[in-house]
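Down below is the structure, laid out as structure tokens.
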Amino acid sequence: MGLTGAVAILLIASFPAIFAVTFQVGDTSGWESGVDYTTWVSGKTFRVGDTLEFKYGPTHSVSVVDKADFDACDSSAATEVFSDGDTSIDLTGVGTIHFICPTPGHCLGGMKLAIPVLAAVSSPATPSPSTPSPSPSPTSQQSPSTTSPSPSPPNAASKGVMSYGMIGVTMVLMYNIMS
Ligand code: CU1
């Protein structure tokens with residue numbers, strides 16, 4: 001169990017780093033009027049390396065704006081605008097990225113999306129050169145290990161005695177019932 005548990009933890013820890021997630025904005029609805037994108041975002045975790053895919057018709061576009069313009073539904077200072085109908089946005093930095101539809105009235109109608117981007121789950125960041133240092137310590141741990149096995153056999157032995165006792169009691173009871 002200990003080994004499978006460790007393997008499971010390893011898999012869980014390494015999966016987000018290996019397999020970046022592509023989120024289709026609005027799921028099957030896409031980037032469209034009348035979709036509640038606040039609800040769509042809730043419960044999802046976005047990380048650096050993930051991708052957002054916007055699918056939309058010709059009446060819509062995707063504008064990347066700052067928070068103030070997001071709140072004000074002002075696309076005039078958008079840093080990026082996409083209108084190709086199928087826009088993939090790679091999440092490259094930690095922080096919240098704001099999107100609105102610049103078509104008049106659409107942002108006010110709810111076509112606005114704020115994505116909180118978290119850091120990628122990365123295990124290789126831990127310093128590996130320091131790990132060779134523990135090698136001399138196993139020799140010093142050798143002496144206590146010879147004394148440590150002694151406490152465990154009595155435990156097992158007492159359990160064995162207990163189970164033998166139980167078997168004995170059961171046999172006596174069965175003998176009494178049968179006789
Ligand atoms: Cu729109």
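Return yes or no: is Ser88 farther than 18 Å from Asp36 by Cα, at pLDDT 85 or above and not in a helix (DSSP H, G or I)?
Criteria met by Ser88.
So, in region 16-60, how many residues would count as being small (Gly, Ala, Ser), surrounded by fewer than 18 Cβ atoms within 10 Å (Cβ to Cβ) and within 16 Å of the ligand (Cβ to nearest atom)?
Looking only at that region, the number is 5.
Considering each residue of region 79-124, count those that are within 12 Å of the ligand (Cβ to nearest atom), within 24 Å of Ala20 (Cα to Cα) and hydroxyl-bearing (Ser, Thr, Tyr), and give that number.
Total satisfying the criteria: 0.
What tally of residues in region 32-51 results from selecting those that are under 25 Å from the mean Cα position of the chain (by Cα) and either under 14 Å from Met111 (Cβ atoms) or polar (S, T, N, Q) (or both)?
9
Here's the yes/no breakdown for (1) in contact with a Phe, Trp or Tyr (Cβ under 6 Å, 6 or more places away or on another chain); (2) outside any loop (DSSP other than H, G, I, E, B):
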site: Phe23; (1), (2): no, yes
site: Glu32; (1), (2): no, no
site: Val35; (1), (2): no, no
site: Phe54; (1), (2): yes, yes
site: Asp69; (1), (2): no, yes
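Within region 91-118, how many residues turn out to be over 15 Å from Lys44 (Cβ atoms) and outside any strand (DSSP E or B)? Can you show your working first?
Applying the first criterion (over 15 Å from Lys44 (Cβ atoms)) to region 91-118 yields 92-95, 98, 100-112.
Then keep just the ones that are outside any strand (DSSP E or B); that gives 92-94, 101-111.
Counting residues in region 91-118 that are over 15 Å from Lys44 (Cβ atoms) and outside any strand (DSSP E or B) gives 14.
For Gly105, which of the numbered conditions (1) touching a residue at least 24 places away in the same chain (Cβ under 8 Å); (2) more than 29 Å from Val121 (Cα to Cα) fails to hold?
Condition not satisfied by Gly105: (1).
For region 61-75, which positions are within 16 Å of the ligand (Cβ to nearest atom) and not aromatic (Phe, Trp, Tyr)?
Listed by number, the residues that qualify are Ser61, Val62, Ser63, Val64, Val65, Asp69, Cys73, Asp74, Ser75.
The values are calculated or read from the model by the stated rules, or taken from the named source; none is laboratory data. Keep in mind that this is a model prediction, so the values were computed, not measured. Reconstructed Cβ throughout: ideal geometry from the backbone, glycine too, with neighbour counts over all protein chains shown.
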